[in-house]
Amino acid sequence: MEVIILSSPEAVSQMGGRILAHQIARCPASVLGLATGQTMVGVYRYLVEQHCQRGLDFSALHSFNLDEYVGLGPSHPCSYHSYMAQQLFNHINIERENTHIPDGLCSDVMAHCREYEQAITAAGGIDLQLLGLGDDGHIGFNEPSSSLSSRMRIKTLTPMTRRVNRREFPPGESTPLHVLTLGVANIMEARHCLLLAFGANKAPAVQTMVEGPINAMCPASVLQQHPHCTLVIDEAAGAFLQLADYFRFVYEHKPAWQRALLEGSP
Ligand code: GLP
């Protein structure tokens, strides 16, 4: 696992955006795994800027989102369908039929999950999986105690996640109890995982995922076993890392060719 510690949330978003833009420029027909949440807002803003100002081309790209709330249709303002449209898809030249988000209104959950996984396989698998981190160490919506071999399925959110995600919903509307999410095993099948996190409330989960034992109580810790995982965090999120100085040293002394492989030329 490569850990890159940057000075601010903005720097994290910029680097996340640059890594994605480099992947798209290098391989326009890439299959991206996409995430939602506050962390990704700046990343998608960066990609929209690259499209508008530099002509970054999304026309051959395929995307698969990690998760969706059960019971929210695509037009619900708090659905991840709406989030993706507002933050990214409405502003770039991606073909809508190439974008995939779990259907929170599907009538047969097991069949839908099976078909979603089959669509990822048919597209050739995920080249680059973007990930946020839950305060409790979840990735996608794989809450603590999720099997580290889990596949796409319905999950029940923990009270903590429902409390944190309350901010995505207007007053009077409660956070849904159930979600559809790609499983931990699906995430581990991506060729490259890119996890972004910033802010002090992520610091305990970051420390546990990077330096703790691999444990279903922190599903993100399984990324220690991924052959190509990049973690980009800010100083606040990295505050509890014992090896923070080492991670900074490694990044400062990274050979230029290796940096270019990750995020292209500056
Ligand atoms: C949410 C989502 C994740 C997201 C994470 C962090 O609950 N299921 O996809 O990455 O938790 O959210 P945020 O970026 O808002 O902190």
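Largest to smallest in accessible area, the residues ARG151, ARG163, ARG96 fall in the order ARG163, ARG96, ARG151 (1.4 Å probe, all protein chains included).
Across the stretch 246-251, rounded Karplus estimates of 3J(HN,Hα) from the backbone phi angles (6.51 cos²θ - 1.76 cosθ + 1.60, θ = phi - 60°) give 5, 4, 5, 4, 4, 5 Hz, Gly and Pro being marked x.
ARG248 sits with roughly 70 Å² accessible to a 1.4 Å probe, with DNA, RNA and ligands left out of the calculation. Heavy-atom accessible area with a 1.4 Å probe sorts HIS253, HIS192, HIS91, largest first, into HIS253, HIS91, HIS192. Surface composition of the stretch 80-165: carbon plus sulfur atoms hold 51% of the accessible area, using a 1.4 angstrom probe and ignoring ligands, DNA and RNA.
Hydrodynamic estimate: the Kirkwood radius of the stretch 132-211 over Cα pairs, inserted into Stokes-Einstein at 10 °C and 1.306 mPa s, corresponds to D of 117 µm²/s. Taking the centroid of alpha carbons for each part, the stretch 66-135 and the stretch 223-266 are 28 Å apart. Each residue of the stretch 43-57 was assigned a 3J(HN,Hα) from its phi angle through the Karplus expression (A = 6.51, B = -1.76, C = 1.60, θ = phi - 60°), giving 5, 5, 4, 4, 5, 4, 4, 4, 5, 6, 9, 10, x, 4, 9 Hz with x at Gly and Pro. Amide H contacts for CYS218 (H built 1.01 Å from N in the peptide plane; partners 5 or more residues away or on another chain; cut-off under 5 Å): SER145.
In the context of the full set of protein chains, residues of the chain present 44 Å² of accessible surface per residue (probe radius 1.4 Å, heavy atoms only). A Förster radius of 51 Å combined with the Cβ-Cβ distance from SER174 to GLN53 puts the calculated FRET efficiency at roughly 0.80. Per 10 Å bin from zero, what fraction in whole % of the C-alpha pairs of the stretch 2-263 is there, up to the bin with the longest pair? With 10 Å bins starting at 0, P(r) equals 7, 32, 39, 20, 3, 0. Between ASN98 and SER147, the C-beta separation translates, for a Förster distance of 41 Å, into a calculated FRET efficiency of about 0.85. Counting only heavy atoms of the protein chains and using a 1.4 Å probe, GLU115 has close to 110 Å² of accessible surface. For the chain, averaging the sequence separation of C-alpha pairs within contact (under 8 Å, six or more residues apart) and dividing by the residue count gives a relative contact order of 26 percent. Would you mind computing, in nm to one decimal, how far apart the modelled labels at GLN258 and ASP245 are, each placed 7 Å from Cα along Cα→Cβ? With each label placed 7 Å out from Cα toward Cβ, I get 2.0 nm. Computed from point charges on the beta carbon alone (+1 for Lys and Arg, -1 for Asp and Glu), the dipole magnitude for the stretch 2-263 about its Cα centre is near 100 Debye.
Taking 11 Å as the cut-off, the amide N atoms of the stretch 134-175 that come nearer than this to a point 7 Å along the Cα-to-beta-carbon line of ALA185 belong to 147-152. 3J(HN,Hα) along the stretch 25-41: 5, 6, 9, x, 9, 4, 10, 9, x, 10, 10, 10, x, 4, 4, 8, 4 Hz, from the Karplus curve 6.51 cos²θ - 1.76 cosθ + 1.60 with θ = phi - 60°, whole Hz, x for Gly and Pro. Distances between placed amide hydrogens fall under 5 Å for THR99 paired with SER63, all partners being 5 or more residues away or on another chain.
Residues whose amide H comes within less than 5 Å of that of GLY73, counting only those at least five positions distant or on another chain, are absent (H built at 1.01 Å from N in the peptide plane).
The values are calculated or read from the model by the stated rules, or taken from the named source; none is laboratory data. Quick caveat, the model's predicted, so the values are computed rather than measured. No Cβ is skipped: glycine too gets one built from the backbone with ideal geometry, and neighbour counts run over all protein chains shown. The protein model used for the area step is the full one, side chains on, heavy atoms only, and it has no ligands, DNA or RNA in it. Shrake-Rupley method; radii C 1.70, N 1.55, O 1.52, S 1.80 Å.
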